[in-house]
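Scroll down for the structure; my scribbles are underneath it.
Computed from the coordinates by the stated procedures, all read-outs in this text should not be read as laboratory data. Because the structure is predicted, anything quoted here is derived from the model rather than measured.
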Amino acid sequence: MILTLSCPDRPGIVARVSTLLFERGANILDAQQYGDEETGRFFMRVLFDAASADLDDLRGAIGVLAEPFGMDWTLRDPRARKRVMILASQQDHCLADLIWRWRQGELRMDVAAVVSNHPAATFPHTDLKGVAFHHLPVTPQTKPQQEAALWSLIRQTGADLVVLARYMQVLSDDLSRKLAGRCINIHHSFLPGFKGARPYHQAHARGVKVIGATAHYVTADLDEGPIIEQDVERISHRDTPGALVRKGRDIERRVLARAVRWALEDRIILNGRKTVVFTD
């Protein structure tokens with residue numbers, strides 16, 4: 001089982017959680033915690049073996065413990081795979097990478113669906129065999145109807161997580177709020193720099209020495225959501241805009257894959273406009 005929690009920081013939290021698990025026959029396999037001195041909040045992730053525990057009793061006990069501490073908490077069996085919906089537009093390098101990692105067993109998830117505003121023929125290099133594909137075209141005039149269909153599909157498929165794998169459509173404020181904390185976007189620059197269109201060309205024009213990519217949660221504020229993961233690569237004056245785009249695709253793939261895996265493993269806890277990420 002995986003227990004995650006956050007609450008106002010105070011002495012005794014780790015002791016109380018550990019004692020509760022011990023008294024109910026659980027064996028802690030891994031535990032990570034962090035106290036944020038700036039916000040005064042405490043964060044914890046515990047992986048434990050609960051084979052001999054009564055799970056209903058355990059949930060009830062955690063609920064009782066959580067109340068006086070003001071805890072936000074989740075308890076999940078990691079054997080239950082999360083359902084993930086992947087959205088993509090014309091560029092399929094991130095989509096193809098996620099599908100490949102899923103088929104290889106690297107990403108323990110169920111693909112609820114792949115959705116695009118372009119037809120399946122747009123992705124000839126992505127193995128979509130056996131994957132439910134939905135083409136939801138969109139124009140500025142039909143955006144409200146398209147998003148209504150998308151939201152309906154998210155609910156119908158029971159998607160726990162939505163991943164924007166280079167989905168080049170800006171989600172409305174309403175849909176962003178509905179997906180708060182469960183929609184991950186990959187941005188093809190090292191935020192907060194070079195937002196908007198053609199970021200690699202912007203970077204080339206400025207003569208930057210590193211390029212990067214950012215995975216973050218989607219919010220109503222465009223490209224301002226809590227950052228989950230970032231990575232960079234050094235470049236030189238010899239790199240053309242095309243070379244930057246090529247290198248950028250590699251960074252985007254690995255940054256998004258890490259962010260998705262951490263979400264699947266309950267390693268990310270929101271901390272206001274930031275995140276606490278308990279990496280492995």
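Assorted remarks:
- Tilt relative to the chain, helix 93-103 - C-alpha long axis, 0 to 90 degrees, to 10: 40 degrees
- At 1.002 mPa s and 20 °C, Stokes D of segment 140-280 from Kirkwood alpha-carbon radius, µm² per second: 134 µm²/s
- Principal-axis tilt of helix 13-23 within the chain, Cα atoms, nearest 10 degrees: 70 degrees
- With coordinates expressed along the principal axes, the C-alpha atoms belonging to segment 4-127 extend over 56, 39, 21 Å, beginning with the largest.
- Amide H partners (placed H, <5 Å) of A53, local residues excluded: none
- Interchain or long-range residues, amide H under 5 Å from R41's placed H: D9, D36
- The chain: relative contact order as a whole-number percent, Cα under 8 Å and 6+ apart: 15 percent
- In sequence order, segment 263-268 has phi-based couplings of 5, 5, 9, 6, 9, 10 Hz under the Karplus curve 6.51 cos²θ - 1.76 cosθ + 1.60, θ = phi - 60°, and Gly or Pro positions carry x.
- Values (i) 131; (ii) 149; (iii) 158 are given for comparison; volume of the Cα convex hull per residue in Å³, derived from the coordinates here, is the one labelled (ii).
- Angle in degrees between helix 143-157 and the longest Cα principal axis of the chain, rounded to the nearest 10: 40 degrees
- Separation of the alpha carbons by more than 25 angstrom is noted, of K247/K274; K82/K143; K82/K178; K82/K274; K82/K129, for K247/K274; K82/K143.
- Stokes-Einstein D for segment 2-76, Kirkwood Rh over Cα pairs, 37 °C, 0.692 mPa s (µm²/s): 263 µm²/s
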